[in-house]
Structure formats: C-alpha cells, structure tokens
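Working notes, structure below.
The values are calculated or read from the model by the stated rules, or taken from the named source; none is laboratory data. Since we're looking at a predicted model, the values are computed, not measured. Counting neighbours? That spans all protein chains shown, and the Cβs are built from the backbone with ideal geometry, glycine included. Ligands, DNA and RNA are excluded from the accessible area calculation, which covers all protein heavy atoms including side chains. Shrake-Rupley method; radii C 1.70, N 1.55, O 1.52, S 1.80 Å.
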There are 2 protein chains.
Amino acid sequence: MNPEPGLQCNWRSSLARAIHHNRKEAHGRYFQLATVKPDGRPANRTVVFRGFLDDTNQLKIITDARNQKYQQILHQPWGEACWYFTVTREQFRIEGELTVIDVNHPDDKLQLARNSTWRELSDNARLQFVWPHPGENRANPEEFSPPPPDAVNPPANFCLLLLDPVQVDHLELRGEPQNRWLYERDEDLTWTTISVNP
Amino acid sequence: MNPEPGLQCNWRSSLARAIHHNRKEAHGRYFQLATVKPDGRPANRTVVFRGFLDDTNQLKIITDARNQKYQQILHQPWGEACWYFTVTREQFRIEGELTVIDVNHPDDKLQLARNSTWRELSDNARLQFVWPHPGENRANPEEFSPPPPDAVNPPANFCLLLLDPVQVDHLELRGEPQNRWLYERDEDLTWTTISVNP
C-alpha cells in the first residue's frame, strides 16, 4: 500500500491530464496489461481503467476469477500496463505489483472497494460475469441472456484487481524531439523523476 | 519459419479486414508487445506494425539494439501482441516466438528483409536510430539533430524483429453478445479455429 496522496507524484498529474484530453474517446480509458503465464511466456490483453483506489496510486481493474488472467496473477503478481493515448499521442508504461481482491480476500476495506467497484459498473459490464465460462467452447445463444445479477452484491467470480506502480515511463511522441520521463518509486515510497532520451 | 501462404489462415483475413477498416487512424497500425524481462517480470510497449515478412505469417516490427527490448528478447524469445482496433472495436491477441534480425544475423535472406524494412521507413523514423542512447539521461538538444543516416544501408543498431504466431485470440466487442475465436497452430503448421465464449 502506498500511503501518500497520489497527486503528489508528477506522473499522476501527467496521467490525469492525458485522461482529460482523451476523454471524448471511449478507448481513452483502455490500456493493455501484460502479465507472465506459469510457462514463463507473456500474456497481454486490453482492460478498462476503473479509477484509482481511494487516495492511493493503485489503478483499479476488474477481472473474472474464471479468466486465465486470475491464475496468472496468483502465480506471478507483477504486471506492466501500456496505455497509449491516441488524441495526445503519448504513452505511459506503468510497472507495478498486482493484487487480486477476490471473494475470499481477508481485508475488509478492500472488500468494500470490491463491492463499490461492482456497483459502479454498467448493467452490461455486470452481465458478463454471469455469462458462460470465458474461453470455453461457444455456448448456446440463450445462455448469454441470463437474469441480471444482483447490482449491489457482486457474484463470487467478480474480482477487483489493483496495480500498484513502482515505475512509470512517460513518452510524448509530439515533442521535437520526443519527450520522455522516467518516474521511479524509492524504498521510502517517494518518487524521483528523470528526463531521459526517447 | 511458417511455409504456408499466410492468407490461408482465417485469422489473417480477419486481421486484414480490421487493418483495412481502421486505416484512417494512424494508431490502427500500432499494437502493444508484451515480453518478459530477465527478472521474470513483464514488459509492455507500443510498437508499429511494419507488415508481414514476404509470404509468411510473421509480423514485422523494428527495434534498436540499444533498447531494453532487444536484451529481453534474446533472453526470452516469446511475445504476445495485443492489437486493439478502436474503429471496429475488436482485439487480436497474437502469441508467438520472436526473432531478432540484428546486424550479425547469419541468414542472408533475413538480412535482405532487414535492409528493405530500413529503406521503407520514413526519414523521421530512420533518424531515431542515430539519436542519443535511448533511456539514458536526456542529452543536449543539438544531439537530436545529427546528420541523417544512410537511407539504403541500416546502421548496426537497427534490428528487424519478427513475431511468428502460434495462437491468435480474436474478440469482437460489437457482437450481441461479443464474438470470440481462438486460432491455434498445430504441430503440422496447419491452423484450427474454434468459437469460444467471450
């Protein structure tokens, strides 16, 4: 857990600015999350940014415990998000530790965060958690029209996923030449920033 | 190497269609490439698709031998591309083996491909290979205005990177419900396709 208010980090204000300037594009809130599979090969998929956890720097994502991502993260809890903003032509690479808040996670405060994240989802997003098992042979069409799940209490397979950044690499393609900054979290949880070559 | 003509795979025609329908967006040719670092953690960055190698299924990417990506791939030659198309709202996850064609690669045919990829770059893209060392402390502005490199013969740090797919996971968000197909390359290099739950 990172105790400092997130906005004290420069990368947080740069990222907030990018999100704001790309807000008209739905995909402005999508990024690609890389993880490592038990066989040592990488995996990569698009996920939706669900905001930050309270006053921390941890990025919220959701996942289904029936997905491969869930098992991968239990095995190797590191991830790197690659977030490319198409309007402002800039990239944030965010390396951090991943924590899965599943139905059995013992922390009451994080269970509250899991519950509130569920309640903030759209009906369509919630519905996917009662669809047939992801990745298995295609089920019959009627199985994709189940009764809607409870909008308040999440089903057991709904997980909140947290990415706690330790390094952020910010590249602006628009610079002349391009601008690039490297933000690193030190052991005392403060952040240092250096300007590096693109 | 995959001897079969690429367009015999269904994923190739689906991907060609996606590229075509997203051609007006420059970022339609960008995807995120995940690799694994020597410390076992994932890395992820945006790269530019440079077409397929001749009549194979191998995706061409370029990289600079001075980049961390180069060392990572020599250590662990597997990658997963995640290619999200914003106009058609579909995602291709392409898992495959990576091959770095650097200046010392012994295969003459692949050196020709490295040379031709260099010649097809824009002047601006070529210029980045004579910029100061990527990732190091920011150099003085004048170092970013070097004499342009030879447009025919690539510099020693220019590498062609090939991703040879073994599995492709295609997700269409627009379906009702979403459509998802899994393409897998068998040991005899033929491809099988199954329709799976999103």
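Regarding B:P132, is this residue within 30 Å of A:W181 (Cβ to Cβ), open to solvent by 30 Å² or more (accessible area, probe 1.4 Å) and in contact with a helix residue (DSSP H, G or I) (Cβ under 7 Å, 6 or more places away or on another chain)?
On the way: within 30 Å of A:W181 (Cβ to Cβ): yes; open to solvent by 30 Å² or more (accessible area, probe 1.4 Å): no; in contact with a helix residue (DSSP H, G or I) (Cβ under 7 Å, 6 or more places away or on another chain): yes.
Judged against the criteria, B:P132 is not a match.
Taking the criterion of being open to solvent by less than 40 Å² (accessible area, probe 1.4 Å) and closer than 27 Å to A:Y183 by Cβ, the residues of the stretch A:94-110 that qualify are A:I94, A:E95, A:G96, A:L98, A:V100, A:I101, A:L110.
Of everything in the stretch A:46-69 that is in contact with a strand residue (DSSP E or B) (Cβ under 6 Å, 6 or more places away or on another chain) and not hydrophobic (A, V, I, L, M, F, W, C), the residue that is modelled with the lowest pLDDT is A:K69.
Do you know which of the residues in the stretch A:49-67 that are of a type in the set (V, I, T) and under 12 Å from A:L160 (Cα atoms) is nearest to the chain's Cα centre (by Cα)? Write out each step before concluding.
Within the stretch A:49-67, the first condition is being of a type in the set (V, I, T), and the residues that meet it are A:56, A:61-63.
Imposing the further condition that a residue be under 12 Å from A:L160 (Cα atoms) reduces the set to A:61-63.
On the way: A:I61: 4, A:I62: 7, A:T63: 9 Å.
Once the filter is applied, the top-ranked residue is A:I61.
Restricting attention to the stretch A:145-190, the residues that are in contact (Cβ under 8 Å) with a residue 60 or more places away in the chain and in a loop (DSSP other than H, G, I, E, B) total 6. Is there a residue being over 15 Å from the mean Cα position of the chain (by Cα), modelled with pLDDT of 95 or more and closer than 22 Å to A:H170 by Cβ anywhere in the stretch B:99-119? The answer is no, given that none of the residues of the stretch B:99-119 is over 15 Å from the mean Cα position of the chain (by Cα), modelled with pLDDT of 95 or more and closer than 22 Å to A:H170 by Cβ.
Contact annotation: residue pairs with Cβ atoms under 9 Å, 6 or more positions apart or on different chains, pairing a residue in the stretch A:125-142 that is at positive phi with a partner that is open to solvent by less than 20 Å² (accessible area, probe 1.4 Å) and not hydroxyl-bearing (S, T, Y), are A:G135/B:D169; A:G135/B:V196; A:G135/B:N197. Where residues in the stretch A:67-82 are without any contact (Cβ under 8 Å) to a residue 60 or more places away in the chain and within 9 Å of chain B (Cβ to nearest Cβ), which of them is farthest from A:F49 (Cα to Cα)? The extreme case among them is A:Q76. Listed conditions (1) open to solvent by less than 30 Å² (accessible area, probe 1.4 Å); (2) within 16 Å of B:V47 (Cβ to Cβ); (3) away from every other protein chain (no Cβ under 14 Å) are all met by B:A113, apart from (2). Here B:Y70 meets the list (1) open to solvent by 10 Å² or more (accessible area, probe 1.4 Å); (2) part of a strand (DSSP E or B); (3) of a type in the set (F, W, Y) almost entirely, failing just condition (2). The lone criterion from (1) out of contact with any His (no Cβ under 6 Å at 6 or more places or on another chain); (2) within 30 Å of B:R41 (Cα to Cα) left unmet by B:T86 is number (1).
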